[in-house]
Amino acid sequence: MKTAVRDNRFLRSERAEVLREARALQEKGNLSAADQARFTALMSEARSLMEEYEGIESRSQAEFRGGPVDGGIEHRGKPDKEIREAFSGYLRNGMASLEPEARALLAERRDMGSGGQGAYPGATTGFFVPVGFVQQIEEALKYYGPMLNGGPGYPQIFDTATGQVLPYPCSDDTMNIGEIVGEGQQVTAQDTNISAVNFGAFKFSSKLVKVSVELIQDSAFDLEAYLIREFARRLGRIANTKLTIGQGTTEPTGILTALIANGNPIVQAVGSALNTGNADGTNTVGSDDMIALEHSVDPLYRPGARYMMHDTALRALKRVKDKYGRPLWQESTRDGQPATINGYEYCINNDLDQLQTSATSPGVVRRTIIFGQLPKYICRRARQMSVLRLDERFADFLQVGFLAVMRLDGNSIDIGHRALALLENTF
């Protein structure tokens, strides 16, 4: 009998059969202990098959593009399934329970590109997590703010295998123009404005996540899914905050900090009083403010531009109309098309300043809305996310501690200061 080739199509077909059997069990209802154990085993097998064919497809795509597999970290011929199973065993039972082959596989992966270190410089324990585990965390990070969304029109994300300092070249040639050259005349030299922004990799920790020994020993408890959810929530919140308002030097330079430090255009709000006739002043947003903000960005960068604002600013803008009574906020009438403000898409970032509802004394300045080419802000992410299991620290509570570590940096590459602008409100 010919052995089936375990390519991605075969694996997808096999996973479909496994899920079909699992659904048949689920439809029975009131499962016996044996059926419940079988159902759990089937779902685990389905997850492993998915990770195996996704690994094959991701490697094929990377090879087609001519780039490194898994962000520059190769598996040296080891199947993704073996790595995932070894890592899952480490999470659930610790190092002592691992077979020598599984322990060697994790240690081999830990040593790749890290000088033999563990989860962070100076550590001797902890392991880089498998591709599927990282991808699920990264997918969940998108829901905690737009800075790690990575989609079109959002801040860019580029992944590196390690966290060493990386110069990122950038240029601004919008002020240079060509020339007309007469017959026999020499052309003029004009250098391009080229510089570099250095990206490091600041260490972000999830803080300790404690899990009881009873839950870990319960085979029905999906430990990986729980840790992914907890790590993503904690890392997502701190990462979005620092990539928005981080001050640099000891943390990423947030997009708001970069705009102010680099001298990007700052528009002072005049409020909605000009259009509504009310007493609202600079502590509100009017249609004229949005027009001024849009036109402070170079026309070259306006196509595809996007607003970023706190949810309170969006709430206020949904009530604002221009002097002809037309609302600035427009819900799309086409399926799949997002709502817009003045025809531009927007995203919510609650790490920007809130738009207050009343003035204060003494007055304060709130930076409420960013407009322009958000991809001009770049987040550098080291893909070597690491997880540590702490067995002894909470042993007297019959708990095990888990800790995730990832490294990020961010900065603006808008060296011409024409692609992004900021709206300020005075209260």
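List of remarks:
- Selected residue (criterion: surrounded by the fewest Cβ atoms within 10 Å (Cβ to Cβ)) from residues of the stretch 358-387 that are over 22 Å from the mean Cα position of the chain (by Cα) and touching a residue at least 60 places away in the same chain (Cβ under 8 Å): Ser358
- Residue list for the stretch 305-328, filter: of a type outside the set (Ser, Thr, Tyr) and part of a strand (DSSP E or B): Arg306, Met308, Met309, Lys321, Pro327
- Tally of residues being at pLDDT below 85 and buried (at least 19 other Cβ atoms within 10 Å of the Cβ) across the stretch 281-304: 3
- Screening Thr360, Thr426, Thr340 for residues that are modelled with pLDDT of 90 or more and farther than 14 Å from Met147 by Cα leaves exactly one candidate, Thr340.
- Test: residue in the stretch 168-178 that is within 21 Å of Ser386 (Cα to Cα) and among the β-branched types (Val, Ile, Thr): no
- Among the conditions (1) modelled with pLDDT under 90; (2) of a type in the set (S, T, N, Q); (3) within 25 Å of Phe199 (Cβ to Cβ), the only one that Asn264 does not satisfy is (1).
- Lone qualifier among Asp391, Asp396, Asp409 - being touching a Leu at 6+ places or on another chain (Cβ under 9 Å) and at negative phi: Asp409
- Any hit, the stretch 400-418, residues being acidic (Asp, Glu), outside any strand (DSSP E or B) and either in contact with a His (Cβ under 7 Å, 6 or more places away or on another chain) or modelled with pLDDT under 85 (or both): no
- Residue within the stretch 383-401 that is of a type in the set (D, E, K, R) and over 30 Å from Ile216 (Cα atoms) present: no
- For the stretch 224-246, the criterion of being assigned to a loop (DSSP other than H, G, I, E, B) and either surrounded by fewer than 16 Cβ atoms within 10 Å (Cβ to Cβ) or in contact (Cβ under 8 Å) with a residue 12 or more places away in the chain (or both) is satisfied by at least one residue.
- Cβ-Cβ under 9 Å pairs, at least 6 apart or on other chains, the stretch 325-337 side free of Cβ contacts under 8 Å to residues at least 12 places away in the same chain and farther than 23 Å from Pro152 by Cα, far side among the small types (Gly, Ala, Ser) and surrounded by 10 or more Cβ atoms within 10 Å (Cβ to Cβ): Arg326/Ser287
- Hey, Gln354 over 30 Å from Glu224 (Cα atoms), modelled with pLDDT under 85 and within 26 Å of the chain's Cα centre (by Cα) or not: no
- Residues in the stretch 329-369 that are touching a Ser or Thr at 6+ places or on another chain (Cβ under 7 Å), under 16 Å from Ala421 (Cβ atoms) and in a loop (DSSP other than H, G, I, E, B): 3 in all.
- Sole residue being outside any helix (DSSP H, G or I), small (Gly, Ala, Ser) and at pLDDT 65 or above, chosen from Gly132, Gly150: Gly150
- Residue check for Asp218: closer than 30 Å to Tyr90 by Cβ, free of Cβ contacts under 8 Å to residues at least 24 places away in the same chain and out of contact with any helix residue (DSSP H, G or I) (no Cβ under 9 Å at 6 or more places or on another chain): yes
The values are calculated or read from the model by the stated rules, or taken from the named source; none is laboratory data. The shown structure was predicted, so the numbers you read here are calculated from the model rather than taken from an experiment. Counting neighbours? That spans all protein chains shown, and the Cβs are built from the backbone with ideal geometry, glycine included.
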